[in-house]
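Colleague: One structure follows; several queries about it will come next.
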Amino acid sequence: MGKINYGRVILAGIIGGIVAGTLDWFFNGVLLGQRWADTMKALNHPTAFSGPAFLLYNYLSFIVGGILLIWVYAAIRPRFGAGVRTAVYAGLVVWALAILLPNTGFMVAGIFGRRLALYTTLFGIVETVVGAIIGAALYKEAESTAAYPAAAQARQTVR
C-alpha cells in the first residue's frame, strides 16, 4: 500500500478546487445570483455576496475543500482502487459533509428558502464530483520502495 503523496494532494486539490469553485461561481453567482441577493437582503446582509467577495470566498473555500477532497480520495484509494469511481465516492463524502448537511440545517432553520437550498445542494453534487474527478486524475501515489527492489536492497546494504 503506497503512502499518501501530500505534494500531489495539494496540487491536485488546488486544481480540483478551482474547477469546483468555477462551477459554483457560475451556478450560484451567475444563474442564482439574484436569488442569493434577495436572500441576503432579507437577512439584512445586502452586500454579503458582492462580486469580488463572492469570488474570494468561493475560491478560498474550494481550494481548501479541494485539498480535503483529494486527501479523502488518496485515503480511500487503497481500498477502492484508483479511478473515477473512487473519485465519485470521495466527492460524495465531501459533498455530504460540506454541502448537504449545512444546507439542510440552513433550510430547516429558515435561513434559506427551500428552493434555493435545494438548487445549491443538488448542484453541489455536480461541482464536488467534477472537482474530485479532475483532481483524482492529477493525483499519483508516492513511489514505494517495493516497486524498486534493487533500490530497497541497496538501502538495506548501506545500513
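We did not get these values from a lab; they are worked out from the coordinates using the rules stated. The structure presented is a predicted model; accordingly, all values stated were derived computationally and were not measured. Cβ sites come from the backbone with ideal geometry, for glycine too, and all protein chains shown count toward neighbours.
Colleague: Excluding F62 itself, calculate the net charge of residues whose Cβ lies under 10 Å from the Cβ of F62, where each Lys or Arg counts +1 and each Asp or Glu counts -1.
Modeller: Numbers: positive: none; negative: D24, E127.
Charge balance near F62 sits at -2.
Colleague: Sticking with this one: Treating only the Cβ of Lys, Arg, Asp and Glu as charged (+1, +1, -1, -1), what charge dipole size does the range 58-145 show about its Cα centre? Round to the nearest 20 debye. Don't skip to the end; give the middle numbers.
Modeller: On the way: 6 positive and 3 negative charges, 47 e Å.
Dipole size: approximately 220 debye.
Colleague: Between Rg and the Kirkwood Rh of the range 19-143, both from Cα atoms, what is the Rg to Rh ratio?
Modeller: 1.03
Colleague: Now, a different point. So between F26 and R79, what do we pick up on full extension, going 0.36 nm a residue minus the alpha carbon distance?
Modeller: Values: separation 53, 0.36 × 53 = 19.08 nm, distance 3.43 nm.
Working it through step by step, the gained length comes to 15.6 nm.
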